[in-house]
2 protein chains.
Amino acid sequence: MSVVARLRKSISEGVYPAGERIAELQVANDLGVSRTPVRLAFRTLEQEGLLERAGKRGFRVRAFTDADVLCALEVRGVLEGLAARRLAEQGLSTATKERLNACLDEGHAVLAKGHLTAEDVTRWSELNSRFHATILGATGSQVIQDAIQRNDHLPFASADSLIIDTERLGREYRKLCVAQVQHQSIVQALAHGEGARVELLMREHAYIGIRYDELLELDPKPEVTPE
Amino acid sequence: MSVVARLRKSISEGVYPAGERIAELQVANDLGVSRTPVRLAFRTLEQEGLLERAGKRGFRVRAFTDADVLCALEVRGVLEGLAARRLAEQGLSTATKERLNACLDEGHAVLAKGHLTAEDVTRWSELNSRFHATILGATGSQVIQDAIQRNDHLPFASADSLIIDTERLGREYRKLCVAQVQHQSIVQALAHGEGARVELLMREHAYIGIRYDELLELDPKPEVTPE
DNA sequence: TTTGCCAAAATTGGATCCAACTAAAGCATA
DNA sequence: TATGCTTTAGTTGGATCCAATTTTGGCAAA
């Protein structure tokens, strides 16, 4: 694994505390490399938003608030919505449609038996990634993909970071059922060239990881707390 | 000026041809520095999207098509639309409202005499930057700002890169009049907390630099060429 | 003349070295 | 004892050095 990837992982795991300064030599020792690749990695991670300049010299680990996480999700939503709308307007190739349908079929298969296993979770994660990557890839221009990928490096902003709570597979199952319907709606809208509809669907779909938990709870009564 | 900034400028000026490989040593000599700062800059510019990896080793200058430019503009549109909607929903502070109104007043002053001078162009450019920066800054979270700033490094994606054609100041004047009305609409919508409206206005406003030229021409009859 | 292989040059990635700047610790003086 | 200055340790940015890989050029053979 590259130095950038390892450092990204360390940061997301909290090895280097958020808001604190991060020293080149320390990281170099931790990763067993010299300062050069670390310095290069710092610049990459700065642009990704995981690090920020600490005055004139050096960097510090970026601290993210809950508001930032929500913001990152909304950014993903509008960008993926844009990509989906463009795809609907330019028309869906049969190859793309088949790939998307394959994702839908596999999603159906995963959810068919009425409950979730740990294995199902990883399987869903993979098909979900494929689904979103297919839409982004079919859009043509690399520009939107780049913007989304940069945003995805922020914690919880990625489409993959959907399931965390393996304790409550019941709630997660209901969430994935909703996600499956959303995926189906998106493919339907794409196939009919309904650009405006697919954009709104995609934007709503972005909230699945953060706003649907409290909706789908059963044991604790679903409560909508006003802010 | 920093190495990154100078290199960014050189690339946008076409010193290093698009699509071609860019060599560290060459750039280092051109800028009169050693390879180290150049290598650091390459990583930054890679994330900004101006460079891309050339296989396993090295980078090449990214080539942008017209479709890419349009895409970058649309990305700016949805992101700035998101920012404006959030601002409308969270409410506009009086300080922010005053700053925006100051921009509107100055815009009015620039356009009052009925035609444009070269000085007016720079003055508009500045107030336009202030206008957009004010909205982004008031949104709170840094995440959207980051996403927009990264996108802005792409050619023509920035809100500043509005006016190029100083030969036809007549057309540009009409364009700025439209932009001024759009700015006014945006402030109005923000002030009334009209989130959905301001989002759409902002998204349309993003097209001012690319789609309004052919609309506002007078001497050559306005023609809408189907693609 | 063309094709394939080998060698040499160039280029990149990583490590080390040096200078400048920052921060901290200790000492001296009021 | 507290405050301020000086010295010293640490950290970062830039330059140079080294090794490995890629590319280019030339030579030989078919």
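In chain A, the longest principal axis of the Cα atoms and the axis of helix A:3-12 are about 80 degrees apart.
Here's the picture: charge each Lys and Arg Cβ at +1 and each Asp and Glu Cβ at -1 in chain A, and of A:L201, A:L7, A:L92 the one pushed furthest to the positive end of that dipole is A:L7.
Peptide B:49-55 shows a mean partner chain C-beta count of 1 within 10 Å per residue C-beta. Just checking the listed ones, B:E74, B:E13, B:E48: in the Gaussian network model of chain B with Cα springs under 10 Å, the one fluctuating most is B:E13.
Overall, the anisotropy analysis places the protein assembly as shown in the oblate class: the square-rooted eigenvalues a ≥ b ≥ c of its C-alpha gyration tensor yield a/c not less than 1.5, with a/b not exceeding b/c. Summed over qualifying helices (DSSP H, 4 residues or more, each -39500 (n - 2.57)) and divided by its residue number, chain A shows a 222 nm mean residue ellipticity of -21000 deg cm²/dmol.
Of A:A206, A:A41, A:A88, which has the largest mean-square fluctuation in a 10 Å C-alpha GNM of chain A? It is A:A41. The mean sequence distance of close C-alpha pairs (under 8 Å, at least 6 residues apart), as a share of the length of chain B, puts its relative contact order at 25 percent.
For the range A:82-161, a crude dipole built from +1 on the beta carbon of Lys and Arg and -1 on the beta carbon of Asp and Glu, taken about the Cα centre, is about 220 debye to the nearest 20. Compared with the dominant Cα axis of chain B, that is its longest principal axis, helix B:66-90 is turned about 50°.
Taken about its Cα centre, the range A:3-61 carries a charge dipole of about 220 debye when Lys and Arg each add +1 at the Cβ and Asp and Glu each add -1 at the Cβ.
Inter-copy label distances at A:P17, shortest first and taken from points set 7 Å along Cα to Cβ: 5.4 nm.
Legend: mean number of C-beta atoms from other chains within 10 angstrom of residue C-beta atoms, peptide B:147-156, equals 3. B:L92 sits among other residues whose Cβ lies under 15 Å from its own Cβ, and their net charge, with Lys and Arg +1 and Asp and Glu -1, is +1.
Taking all protein chains together and rolling a 1.4 Å probe, A:T44 ends up with roughly 10 Å² accessible. Annotation: per residue accessible area for the range B:3-61 equals 52 Å², rounded to a whole number [probe 1.4 Å, protein chains only]. Given +1 at the Cβ of Lys and Arg, -1 at the Cβ of Asp and Glu and no other charges, the dipole of the range A:1-160 around its Cα centre is 680 debye to the nearest 20.
For A:F59, the residues 5 or more places off, or on other chains, whose built amide H falls under 5 Å of its own are A:I22, A:A54.
Above 32 Å, the calculated P(r) of chain A contains 30 percent of its Cα-Cα pairs.
Just to be sure I follow the rule: in the protein assembly as shown, considering lysines 8 or more places apart or on different chains, how many pairs have Cα atoms under 30 Å apart? Close lysine pairs found across the protein assembly as shown: 16. What sits nearest the axis between copies B and A, counting only chain B Cβ atoms, is the residue and whole-Å distance B:Q47, 2. Computed from protein heavy atoms with a 1.4 Å probe, the total accessible area buried between A and B is close to 2900 Å². Computed from the C-beta positions of A:N101 and A:R57 and an R0 of 60 Å, the FRET efficiency is 0.65 to the nearest 0.05.
The apolar share of the surface of the range B:66-216, taken as the fraction of accessible area on carbon and sulfur atoms (1.4 Å probe, ligands and nucleic acids excluded), comes to 53 percent.
Does the range A:81-168 come out rounded, prolate or oblate by the C-alpha gyration tensor, with a ≥ b ≥ c the root eigenvalues, rounded set by a/c under 1.5 and, if not, prolate when a/b is larger than b/c and oblate if not? The shape class here is oblate. Among A:A138, A:A191, A:A112, the residue with the largest mean-square fluctuation in a Gaussian network model of chain A, with springs joining Cα atoms closer than 10 Å, is A:A112.
Rounded to the nearest 10 degrees, what's the angle between the helix A:142-152 long axis and the longest principal axis of chain A, both from Cα atoms, 0 to 90? Computed tilt is about 70 degrees. Taken over the alpha carbons of the range A:3-61 as equal point scatterers, the Debye sum produces base-10 log I(q)/I(0) values at 0.14 Å⁻¹ of -0.30. May I ask you to derive the FRET efficiency for A:E20 and A:V181 from their Cβ-Cβ distance with R0 = 30 Å, giving the value to the nearest 0.05? Working from the Cβ atoms, E equals 0.10.
Using a simple spin-label model with pseudo-atoms 7 Å out from Cα toward Cβ, A:A133 and B:R168 lie 4.5 nm apart. These residues, A:L169, A:L190, go from largest to smallest accessible area, 1.4 Å probe, as A:L169, A:L190. Between copies, the label points of A:S129, set 7 Å from Cα on the Cα→Cβ line, lie 4.1 nm apart, reported in increasing order to one decimal in nanometres.
The values are calculated or read from the model by the stated rules, or taken from the named source; none is laboratory data. Here the structure is a predicted model, which is why all the values come from computation and not from measurement. We place every Cβ from the backbone using ideal geometry, glycine too, and count neighbours over all the protein chains shown. Accessible surface areas use protein heavy atoms only, side chains included; no ligands, DNA or RNA. Shrake-Rupley method; radii C 1.70, N 1.55, O 1.52, S 1.80 Å.
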